[in-house]
Structure formats: C-alpha cells, structure tokens
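Chemist: Shown below is the structure under consideration.
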Amino acid sequence: MADKFELRCYAYLDRMQPQYAAFVGTITQGDLPVEGMADLYIEVAPGNEVFRLVDIAVKATQAKPGAQLVEREFGMFEIHSFEQAEVIEAGKVVLDRLGLKVSDRKKPEIASVQVITNVDPYILECAPAAYINLAANEAEKYANIKIIHISSVGRFGRMWLSGSEAEILAAKKAATQALEAIEGV
C-alpha cells in the first residue's frame, strides 16, 4: 500500500502553545484543541484518503479528530489529546496501516522567510503545507510574538507573526530550526 501514498507531512507537537491552540480552534470543524494538548498533523497524497486515516486513528485510540482538510492535490488531518501517548499511538497506527514509517515523510523545505521591520509581520512559507503548524507552535514556544494568521493547506504553508524585532528574530530561529531538524525524504 505504501507505493500508493505520499506521506507529505508527519509533524508531532508535544505541547500546543496558547495562541497557536486558540488560532487552530477558530478554524477547526472537529473537536477543539486547547493549550497544552499534544497534536499530530499528517498530510498525504492523494488527499481524499484523509477521512479513512482519521477513522483508523480515532477508532484505535482516545485521540480526538480536529482539522480535516482536502484540497485538489493533498489532504491533511490533525488529531490531539492531553495524553501524548494517545497521539503518538494514533500516528503509529496510521503509519502501520499504510505500511509507512515516519522516515518516509517528506522533509520540509523553507520556501520563503521575510522579516520586514516597522511595517509588516514576519512571514514564513514552507512545503509541505502542514509543517507550518509545527513552525508556528515552536515560534510561540520560544518567543513573545503574536500569531496573525496560519494557512496550512495547499502547495505551501504560510504563517504571519508580529512582535518586536528581537522576538521576531527569536521566533524565526525557533521555527526554521524546527523545520530543518525534521528528517525525511
């Protein structure tokens, strides 16, 4: 089955930060995630497989489904729980069913990083899109910034942040280091 799927993103967030969780809560149509929960984003191609994969994850664990998005080419879903072990197990079950490993995921590519002082917020773009969730959460974890917007579906994921120049630079470092640390193909 593994040759039929592209594991575009497998991003585990150990603890959702307050602003990040609040933003995700505004766009989630499923169970609302809250600050402190563990979170897992999985993006695949073909996109319409998302619904089957969420079904597998929630039937095998106590993790709750949040976002489920399908666009023309890719699909992404998110599951969360206060119990990190539940989220980790849900991801393992999905990968086992697909015959894939975490190392089969696509390594994120940073497509654009812009810091414009005294005018606009910090903007980062990456591909696959769902990895932007990890970048935004890590930026908030390590810097005193404001999350303006996150777009995590499509060809590129994008986030807009604002804050002091020093905090934006710290957020930039945390976000890019988190993405660059991910192993994959």
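The values are calculated or read from the model by the stated rules, or taken from the named source; none is laboratory data. What you see is a predicted model, and the numbers here were worked out from it, not measured in a lab. Here Cβ is always computed from backbone atoms with ideal geometry, including for glycine, and neighbour counts include all displayed protein chains.
Chemist: What residue, of ALA90, ALA130, ALA45, is small (Gly, Ala, Ser), in contact with a Phe, Trp or Tyr (Cβ under 7 Å, 6 or more places away or on another chain) and within 12 Å of TYR10 (Cβ to Cβ)?
Modeler: Going through ALA90, ALA130, ALA45 in turn, just one is small (Gly, Ala, Ser), in contact with a Phe, Trp or Tyr (Cβ under 7 Å, 6 or more places away or on another chain) and within 12 Å of TYR10 (Cβ to Cβ): ALA130.
Chemist: Somewhere in region 69-84, is a residue surrounded by fewer than 17 Cβ atoms within 10 Å (Cβ to Cβ) and under 30 Å from ALA166 (Cβ atoms)?
Modeler: No, the conditions are met nowhere in region 69-84.
Chemist: Now for a separate question. Is there any pair linking a residue in region 10-25 that is more than 18 Å from TRP160 (Cβ to Cβ) and touching a residue at least 12 places away in the same chain (Cβ under 8 Å) to one that is among the aromatic types (Phe, Trp, Tyr) and part of a helix (DSSP H, G or I), with Cβ under 7 Å and at least six apart or on different chains, and which?
Modeler: If the second residue must be among the aromatic types (Phe, Trp, Tyr) and part of a helix (DSSP H, G or I), the pairs left are ALA11/TYR131.
Chemist: From the residues in region 131-185 that are in contact with a Lys or Arg (Cβ under 7 Å, 6 or more places away or on another chain) and aliphatic (A, V, I, L, M), which one is surrounded by the fewest Cβ atoms within 10 Å (Cβ to Cβ)? Give the derivation first.
Modeler: Kept after step one, since they are in contact with a Lys or Arg (Cβ under 7 Å, 6 or more places away or on another chain), are these residues of region 131-185: 132, 151, 161-163, 174, 182-185.
Now narrow it down to the ones that are aliphatic (A, V, I, L, M): 132, 161, 174, 182, 185.
Values: ILE132: 27, LEU161: 26, ALA174: 19, ILE182: 17, VAL185: 9.
The qualifying residue surrounded by the fewest Cβ atoms within 10 Å (Cβ to Cβ) is VAL185.
Chemist: Run down ILE148, ILE132 and say which single residue is of a type outside the set (S, T, N, Q), over 15 Å from the mean Cα position of the chain (by Cα) and outside the structural domain of ILE27 (by TED's automatic domain parsing).
Modeler: Numbers: ILE132 fails: over 15 Å from the mean Cα position of the chain (by Cα).
Of the residues listed, the single one that is of a type outside the set (S, T, N, Q), over 15 Å from the mean Cα position of the chain (by Cα) and outside the structural domain of ILE27 (by TED's automatic domain parsing) is ILE148.
Chemist: Applying the selection to region 76-132, what residues are charged (D, E, K, R), assigned to a helix (DSSP H, G or I) and farther than 24 Å from ALA21 by Cβ? Before the answer, list the steps.
Modeler: To start, the set of residues in region 76-132 that are charged (D, E, K, R) comprises 78, 83, 86, 89, 92, 96-97, 101, 104-107, 109, 120, 125.
Narrowing further to those that are assigned to a helix (DSSP H, G or I): 86, 89, 92, 96-97, 104.
The answer is ASP96, ARG97, ASP104.
Chemist: Looking at (1) in a loop (DSSP other than H, G, I, E, B); (2) buried (at least 20 other Cβ atoms within 10 Å of the Cβ), which one does TYR20 not meet, given that it meets all the others?
Modeler: Among (1) in a loop (DSSP other than H, G, I, E, B); (2) buried (at least 20 other Cβ atoms within 10 Å of the Cβ), TYR20 violates only (1).
Chemist: Let me ask something else about it. Is there a residue in region 97-109 that is modelled with pLDDT of 95 or more, over 13 Å from the mean Cα position of the chain (by Cα), closer than 22 Å to TRP160 by Cα and not basic (Lys, Arg)?
Modeler: Scanning region 97-109 turns up at least one residue that is modelled with pLDDT of 95 or more, over 13 Å from the mean Cα position of the chain (by Cα), closer than 22 Å to TRP160 by Cα and not basic (Lys, Arg).
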